[in-house]
Each structure stands twice: as C-alpha cells, then as structure tokens.
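Following: one structure in structure tokens, then a few remarks.
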Amino acid sequence: MLPALALLAASCFCAAGAPSGDTYTAAERRHWAFQPRAHPTSPSFVPQTDRQWVRTPVDAFILARLRKEGLKPASPASPRTLIRRVYFDLTGLPPPPEEVERFVQDRSQDAWPHLVERLLDSPEYAERWAQHWLDVVRFAESDGFEYDTHRSEAWRYRDYVIRSIREDKPYDQFVREQLAGDEIDPKNDEMLVAAGFHRLGPLRKNAGNQDAAYNRNEILVEMTNVIGSGLLGITIGCARCHDHKLDPIRQKDYYRIQAFFATTHQRDIPLSSPEQQAEWKKKTAAIEAELKSLRAKLKPFPAPDNEGLEKQIAEKEAELPPPLPVLQTVEDRPGEYIAVHVLARGDSAQPGEKVGMRPIGVLLPDDAPEWGDQIPSPRLALAKWITDRANPLTARVMVNRIWQNHFGTGIVSTPNDFGRMGSRPSHPELLDWLADQFVECGFRMKPLHRLILLSSTYQQDYIAQAPRDAMEKDPENKLLWRFPRRRLSAEELRDAMLATSGRLNPQRGGPSVIVPIEPALVKLIYNPAQWAVNPDPNQFNRRSIYVFHKRNLRLPLLEVFDSPDMQLSCPRREQSTHALQALELLNGEFSNAMARALAERVAREAGPRTDLQVDRAFRLALGRGPNAAEKQAALRYLADGGPLSEFALAIFLLNDFLYAN
Amino acid sequence: MRPSLETDIYRRTFLRQGLSGLGLFALNSLLGQRLNAATTGVVNPLHHPAKAKRVIFLYQAGGPSHLETFDFKPKLAQMNGQPMPESMTKGQQIAQLQGRPLTCFGPQHSFRRFGKSGQEMCELFPHIGSVADDICIIRSMWTEQINHDPAHTLMNTGSIITGRPSMGSWVVYGLGAETDSLPGFVVLASAGKGGQMQPIAARQWSAGILPSRFQGVKFNSIGNPVLHIETPAGLSSATQRDSIESVNALNRLEHRALGDNEILTRVAQYEMAFRMQSSVPDLVDMRKEPQSILDLYGAQPGDGSFASNCLLARRLAERGVRFIQLYHRDWDHHSGVKSNVAIKARETDQATAALLTDLKQRGMLDDTLVVWGGEFGRTPMSQGGDGRDHHIRGFSFLVAGGGIKGGISYGSTDELGYAAEDNPVAVPDFHATMLHLLGIDHKRLTVKFQGLDARLTGIAGEVVTGILA
C-alpha cells in the first residue's frame, strides 16, 4: 500500500539523506486517519420523501446512516428557533427582535439561504469563528506561570485571525502564514504577525533554575505539540518521552518535527521609536537605582523599619514604566543552529541521538530519509507538507472542527486526536466527502458552511419527546436524529447580555481592553499593577474577544462558564453547570449592570405598560414573546412592585437564555 | 401545559406574598422530587472500606526547611561550615546554588523529644509537639521538581503536564460531596510575614480535564469568602429568593418541555447558590465559637490568618466539605532561615495543633485525614551564609487522623538530611495512600483523556502501608 504522502516525500526538493531504517507494519499503517481520503460519492435515494429531505449531499450521508439504523430525522425547526440558532452559530450574538419577526414572516423559498449568506458576510461572523481558532492555538496575551508577563501586542495576531476568516482566506495559506510567515515575506508585517503563532504558548520563566537547554526545550515543546494536536490531530506530544504507546508515532518523529525549528529563534521587534526607547531606559534606570538603595536598607530579619521600606519599594515598583511594545515573532538564524537530539524521558539533561528534520514516518514510505539538519525555509517546507492536498490528516481535522462548531460534536468527537485512542468517525464517508469538498473549493470555509447550514440536517428541530427507538439505539444522538441543543459559550453569554441590554460597543479590532475585575482577584496576581483598567468605560462593553486574555486572571463570568485556561490547545468547550455560575449571574456586578440596562431599555422602548415591557424583554433576550404562564407570572410580579431590573435579571437566568435550541 | 401545573406556577412565580409562609425546601417538596446537588461520586460503592471521609491539607507553600522543623540532623551541625561531601551532591540538580561552593549549614534551632512516643521535633513547634502522639512524621518525602510552580503542580496533580486535575478535584470526582450547601472542594489561602511571597495560581486547584464542577472553590480569607455571595445592595434576600424560585419554576417548565436533564442540574445549582448565600455567611460567622476555641487556635476572626483558616477548615469539615486545602505562603527562605522559620512556626504551630485537638474532641479526627507539608524541602547547604535553597531529594510531611498510625516517624533522610534514604515516599506514593484511606484504589480512579485512562498517580504510586493504623 502506498502511503498517502509517498509522492510528496519522493519529490521533496531537499537533499535526501540515508535511509532512516524506520519501518511500519501494515497494521500500523492501516489506521483510518492515515489512509488517503476515500473520495466517496453521496448516497442516492429512491423514495420521494427521502429525496425531498436531501437538500445538500450532507443530508444524503446523514440520512443513509439513519435509515441503516431504522431511524428517521426530526421535523424541521420553526423559523423562530432557526434564526436564533444560526445567529449564535455564525455570529455568537442573539438575533435582534425585528430580524426575527422579519424572518418569521418571510415565506419565500430563499429566506433561509439569504439569511445564511448575510450572516456569513457579517464582520461578527469573523469575530465568532476567530474564537474557535484562538481556542485551538491556546491564544492568550500573557506568559502564564508565575510572572505572567503581558504580551501587549498579541492582539495583532487576534486581528490577523479575524481578518483572515473575514476574507475566507484559504486554510492552507492561513496555516503556511502562521507556520512560516517570516520565511514567506520577512518584510511584510502581516506575515510577521502571523508567524507570532509560534509565540502563543505559555512560557515558563523561573527566577531560580536557569538552564538554557531546558528552557529551549520547553519552547520547542510548545511549538511542536500545537502542530500535532492543532493542525494534524495527533497527540504527538505523547512521543516526547517515549515511542507513542498507542499510535505509530516514534519518539524520533517527535524530535524530527522539533528539528524544523533548529534554526528558529524568537524575534522581538520594537514598535517604539529610538527616542522612546532611550527615554524608557533612562526612566527605568533611575527608578531601579532608587529601588536598589531601598532594598539595601531592608534587614534580612524582622525589623521595625522593614514594613515601611517594603511599602516604599512597592510604590517605587509601581512607578516602573511598563515594557515597551514589541512584536513577538520568530526568524531563522542559520548561524545559530541548535542541534536537536532525542531526549531520554523528554529530559534536556539526557540528550541522545541527534536527528534531522522530517515529518512523521507513518505517513511516509518505509525508510524515508531525513530532510537534513539545515535547509532553507525549513518551516515553510513543513507547512507545505502539512497543507499538501494529499495530506490525509489536515483537511479532515479542519472540516471536523467546522462540523463540531455547527453541531456541538465533531464527526470525530475527539478533534485533537485522530489517533487510535481517539474516537472513530461517526460518518467516515461524510468526513472524507467534506474534506474533498474543502480541498476542491481551495481550502475555503464558507462553501463548507453553506453545505452544512443549507442542509435539512442542520434545520432539524430539537425534539423534546425523543422517539424511544432513537434513545435506545443512539442515546448520544451521534447520528443526528435531532438537532443537538447547546449551552452558549462563556463569550456568547457575555456578548448576548451586552447585546440584549443594548450596551454592546461594536468597535472592532485593536488593543485588548482591560476591564474591571473584583479587587480581591487582582490582588492575587503576581503584579497587581499589571491589571491597568482601561480609562474609557465604554470600552468595557466590547465583545469578549476584545477583552484582554490574561492567563492567570480570567473574567469570573467567563471562567465559570468554561472559557478555557489557555494552557493547552482547547479542542472543545466544556458545558458545565455549577453553583458559582448562579452566584455570578445573580450577584455579579456585570450581570446586574446588564439587567439594569435591559430594564432601562425596555422601559424606554416599550413605554409604561408592563405587559408591553414584559413582551419586549422576552423578545430582546429570547427572540420570542412570553408564553401564557410566563406572562402571567411576570405581570403579577411587577404589579406587586417587583423591580423591573430584577425581572430583567431573571430573564438572564432562564435556561432558555443560556441555550440555543 | 396541564392546568394544575399552570396554577402551581401561578401560585409561586414572582409572587412574594404567596411565598412568605413557604420555605424553599417546602417548595421543593411541593414540586415533587428533591433535587440534591450533593452527588455521589464515580467510586460507588467504595473500592474498600474507608478510614477517612475527608481531607484537610495544610499546604505550606514555598518549601519549608525540613532541617528546622521535623528532621533533626546532628551530623549536619557537626559539619557546619565544612564542604558538603561531593559524593552526595555531584550531578544533582540544585536551583540557585548551581556552580557555587556547597557548604554544610547546621540546623539553626534545637530539637527535642515530644510525647510518649518521643518524636523528635524542632522546639519551635511545642504545640504540635504536644499532639505528637497523634502524628506520623514522614521524613522521607521526595519530589522531582525544583522550582515552585512545577513543584506545586506535581504535588497537586501528580504531574507537571498542565491541565491535569488537582487531588481535591479527583477526590470529589471519586466520592462526591456530603453537602449540597457548599462546594465539595474548598481552598483557603493565608500569607504571613517574612520570606518571599510566591503567588499560588488557581491552576493548583483546577479540575483540569475533569468537569468544572469538581474544581476547588477558593474562599477569600478576608471580606466576603465567596465572590458575589452577597446580594447586591438594595435587594433583599426575599426578593432574590423570589427570583430564583420563579426562574427555577420556569426552568422546570422548560425541562418538562425539553426533557434535558442538564436543566434539572441547573435548577439544583441555583438552589445551592441560594443556600450558599446563607451557608457561607453562617460558615464564617465566628460569633458562635466560644472564646476558648478562638484562644485554642489563636484566631482573631476575619484576620485572614492561618489560624483563622484552620478554624474555618474545621467548620467546613463539620459541614460535609470533602477536601479542604489551606495554603500558607512565605516558606521560601533563601536567606535568614533562622529568624524566618521562627516566624512561620509562630504562625502555624499553635493552629495546626489546635485543629488536631479540636477535631479529636469532636470525634472527627478518626475520619479526617490532616496533612501538613509543602512542595519541597531545603538544602542542607547554606545559601548566602544564612539561607537555604530549594531541595527535592528529601523533606518532611506530617500526617494525622483518618487511618494514620499516630506517634510514629516513617522513613529517613541520610545523616546530613540530603536525600531520602529509608522508605522513600514519592509524591504519587503519598497520593496513592491518601486515596487508599478514602476507600479508593488509586489505580481504579480514572478518567478518559486522549484515549487513555488518566489518573492522579499516573503510572506510579504505591500505598505506604507502614503509616496505616
């Protein structure tokens, strides 16, 4: 059997070395994810009802599987349900009530495709879908670990991702720019920002142990692991210490990927003028000198003067100017080649055999030689291999992520692990068919969105009374016999509260906003002065993607609703339910401020009649009017003198608000 | 919707006067099934009978010197000022002393024997000494990580890989909680005077790859213990209860319509949140503690001290919290170890002993495992003439209560206090033993991650049978 990338490897431009001696058994190569795509055609149906149900080929694959199990798809969802579903899905925001009514009234055949198209064209779409990518690459704006130093220019990468998604940049190009932007065009700022990809991971800085080999290895580990889990969907990180226990990934494979970075070094490009730098140095030196003399006065044992001195020192430290902005990117410095060795137990103090660069062997013919120790533009070479049309993993992994973001669960439910211990695809043919479409459409996402969103599968209802046979045969709804409802993500929830209350500041892009957080939490970080709240309160109401992402201090609202900790690539959001969420919503300053704003808005827009106020509040928050029970309860409450703002807060606590059906 | 249900909703939704005579619990029973946020864990039934029901971990962060606390090394005193034998230190990882001359630095305080068992402890700890017969001193702990953050991570999660669950999360995941008014895993932190302040990141009590409801909930030691536990100004508790009941009634309706059990979980969690608003203030209301108890601990309620936190820990334990972790910081004595350890001893000695005494007099020590220790120890070599550097090869832990044999010392370091020699106890061994006492086989407490069964003890861990009662 010819491995998928055999041709690519054979035609590799670089000098072939000696045979590597790596061989793989047929069983190792047989794993589905390493196989070339099967190029399936979509199933066809004879019965008229089936043919009507199939609107895009996606439906044909889904229906074939349901039929095989003797199941049938759910009836179509109502337009009211659909518009809320697709608004959150594509923009992460609730639909404005007027849009809902217009859509519900619109009986034309193309109302749905028009809506989908309009949302795909919206800038909010790019903001929402950029967040999915930022999760995968564990984007944050500080180092993490003890000192958690801020990365003041990291927002440029976030804006690069949003721009790329907005213009539907081909995914292969998107990946190449991030892996090798600096090699593609070192004079182009956009490319340098993209290559900042390699600087996104957490960075451990210790005051104590400074071991250069150890630190270098930590950095390479971060660079390597995200390529495995994020781009290739294989847990290559497991092979850092030993051959992978379950997948045919050798320890050498791991270090051969690292070897693509043997001449890669961090590059910090100052974004300030020489004058500003001189000024900064002068100011810093003066304060450091004062600090030094203050510290010298500190007694190493408890002494009466110490407390005062410590206070003075802390005040002086706060005067230190923040670091000047630098663009964090990477560059190749061929003169500074650092050989990559296989490390026993992943320990930099136990270097073994030296290795050259090469992609993972199971996707290459047996004995595939290394590509060399040093080649021109090594990361671009790796990127080209990853984004080759024939690479069996890359396209599958990405279309699976897209599917997951529409349906909550991927066709492979372990999106960062396509290996043997990951889950097997629920619809392997569909996965391959989508991957083929993705590649054929030039690696663009929007054609894929259309195929999915225009399908009957996507437009199914969430049926409450699940048919018994469906619950028995497929309790997890893997086969999609109904639409899987989902809880809003943390960012969607915060943004929805802003949008509903009318306070959302739609400003796009630019430096991230540091918003107020409870002082008790700020006090806990290494240097509380880092959390310098933005002076303009209007900025606090921007979308969550523009809120400063500090690894050691997340917004409590986002944290309790499962925003990831940004230490590791986050393949999929959790949907936990716990008491702190309730406390946050009930008593948190943000939710109460939003409830007051919603009450003001409702009073302003609906006038003094409470029935109209109640109706307006439900429509703003839920895209529907209240049902009889809800209306009666709300009116009675307000008639008894209950505050409108409390009623508004109750709306935010409704399960219906937290979910998209 | 059925008319009866509609009437039901009408009666209680947004309807304050109708609720005035009706407590929340009565309401719940009216609604039928009582939703219990106190859950059973995945280890059900237990793998074997448990000796301990809960854990109180008094975490001494920064790395306490074993040589000035619980590991007496007369030979080190004799060799004070002389070079460390090279055979001992060659090739070993040390933090800030790397490449410097290594000089023996004798114990800076005297030791004496305490209790009937005659356990040897530093005389800075007379209170702990007074309960020496209830305590087992493990003198042979060792770890793999020499810097604070990774060493904390290893101690808490059994791994330095980020994203692994902390031990408290594992325990609550395994056993569930015995309360539906408080979280099952609570963290408290205090800072003392002296030494360097190392921040403790929330990662240390993260649920990692476990569902987030298992994460540690950090209570603040000063001010409101829980973020947003207080009703916003101008809003009465009754109004809020009214809102919650209304919301939950509507959420239950939605559950009827949609049949999604996660909605019931949410209803239960809203109820727990509401109960926490009274249970947490009640928890921290020390007015009900007699002066004798406050004096026993040396606690001044509300001061955020280790002593106050120890008292809080007992109150949390009484209320059914499963895993209580107290962080006390500032044990990082790179300099001035003599005076600084004395400060730390004053901050922790009395309260630690008081906690054991208090638990014992309430009959709770038998089923509460109490642990005292940090992320690593400190070098027998001096740093800068009067300090000690980080040290991983040997350090001490105190364990007491729930199934531990009291009045014994277990394991030992070599004669200079450098490396664990007899019966070394690795971090996963400690974890395995803790889980064993809780009725859990550490090899069978697992969660699927990347296709593998992840566990607290990784691929290691041996139960330390020598310390079991």
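All of the numbers you see were taken from the coordinates with simple rules; none came from a lab. What you are looking at is a predicted structure, and each value in this text was computed from that prediction instead of being measured. All Cβ positions, even for glycine, are placed from backbone atoms using ideal geometry, and neighbour counts span all protein chains on display.
Dividing the mean sequence gap of close Cα pairs (under 8 Å, 6+ apart) by how many residues chain A holds gives a relative contact order of 21 percent. Candidates A:Ala296, A:Pro322, A:Ala285 compared by Cα position along the dipole of region A:272-324: farthest toward the positive end lies A:Ala296, with charges placed on Cβ. Among the listed pairs B:Lys51/B:Lys448; B:Lys53/B:Lys405; B:Lys116/B:Lys405; A:Lys299/B:Lys338; A:Lys311/B:Lys218; A:Lys245/A:Lys473, those with a Cα-Cα distance over 22 Å are B:Lys51/B:Lys448; A:Lys311/B:Lys218; A:Lys245/A:Lys473.
Look at A:Lys252, B:Lys90 and count the other Cβ atoms within 10 Å of each Cβ; fewest to most, that gives B:Lys90, A:Lys252. Selection among A:Ser456, B:Ser140, B:Gly439 by position relative to the dipole of the protein assembly as shown gives A:Ser456 as farthest towards the positive end (Cβ unit charges, Cα centre). The mean sequence distance of close C-alpha pairs (under 8 Å, at least 6 residues apart), as a share of the length of region A:490-660, puts its relative contact order at 23 percent. Equivalent-ellipsoid semi-axes for region A:490-660 (Cα gyration tensor, √(5λ), whole Å, largest first): 31, 17, 15. Considering only alpha-carbon pairs that sit under 8 angstrom and 6 or more positions apart, the relative contact order computed for region A:272-324 is 49 percent.
Within chain A, the longest segment free of exposed loop sites, counting GluC sites (Glu not before Pro) that fall outside DSSP classes H, G, I, E and B and have at most 11 other Cβ atoms within 10 Å, spans A:168-475.
So what is the diffusion coefficient of region A:17-78 in µm² per second by Stokes-Einstein at 25 °C and 0.890 mPa s, using a Kirkwood Rh over Cα pairs? Please list the in-between numbers first.
Values: Rh = 15.3 Å.
Approximately 161 µm²/s, per Stokes-Einstein.
From the gyration tensor of the Cα coordinates in chain A, what semi-axes in whole Å does the equivalent ellipsoid have, largest first, with each one equal to sqrt(5λ)?
43, 39, 20
Our Cα-only numbers for region B:63-129 put the radius of gyration and Dmax at 14.4, 45 Å. Over chain B, the Kirkwood radius and the radius of gyration, each from Cα atoms, give a ratio Rg/Rh of 1.03.
The antiparallel fraction among DSSP beta bridges confined to chain A stands at about 90%. I'd like the FRET efficiency for B:Ser237 and A:Ala529, computed as 1/(1 + (r/R0)^6) with the beta carbon distance as r and R0 of 41 Å, rounded to 0.05. Working from the Cβ atoms, E equals 0.65.
Percent of C-alpha pairs per 10 Å bin in the protein assembly as shown, short distances first: 2, 9, 17, 22, 21, 16, 9, 3, 0, 0.
Counting only DSSP beta bridges with both residues in the protein assembly as shown, tell me the antiparallel percent, nearest 5.
Working: 42 of 70 bridges.
Beta bridges within the protein assembly as shown, antiparallel portion: roughly 60 percent.
Quick check: from the Cα gyration tensor, does region A:272-324 come out rounded (a/c under 1.5), prolate or oblate? Since a/c reaches 1.5 and a/b is larger than b/c, the shape of region A:272-324 is classed as prolate. Taking every residue in B:265-271 and counting other chain Cβ atoms within 10 Å of its Cβ, the average works out to 6. As a proxy for reagent exposure, B:Asp414, A:Asp417 were ordered by neighbouring Cβ count within 10 angstrom, fewest first; the result is B:Asp414, A:Asp417. Quick check: the angle from helix B:237-258's long axis to the longest principal axis of chain B, C-alpha only, nearest 10 degrees? Approximately 80 degrees, to the nearest 10. The ellipsoid equivalent to the alpha-carbon distribution of region B:357-469 has semi-axes of 27, 22, 13 angstrom, derived from the gyration tensor eigenvalues as √(5λ) and listed largest first. When both region A:175-244 and region B:389-444 are represented by their alpha-carbon centers, they are found 37 Å apart. This ranking places A:Ile162, A:Ile375 by how few other beta-carbon atoms lie within 10 Å of each, fewest first, which gives A:Ile375, A:Ile162. Looking at chain B, the DSSP beta bridges with both ends there are about 50 percent antiparallel. If you take all other residues with their beta carbon under 12 Å from the beta carbon of A:Val175, and give Lys and Arg +1 and Asp and Glu -1, the sum is +1.
Relative to the Cα centre, what is the charge dipole magnitude of chain A, using +1 at the beta carbon of each Lys and Arg, -1 at the beta carbon of each Asp and Glu, and rounding to the nearest 20 debye?
Numbers: 85 positive and 87 negative charges, 223 e Å.
Rounded to the nearest 20 debye, it is 1060 debye.
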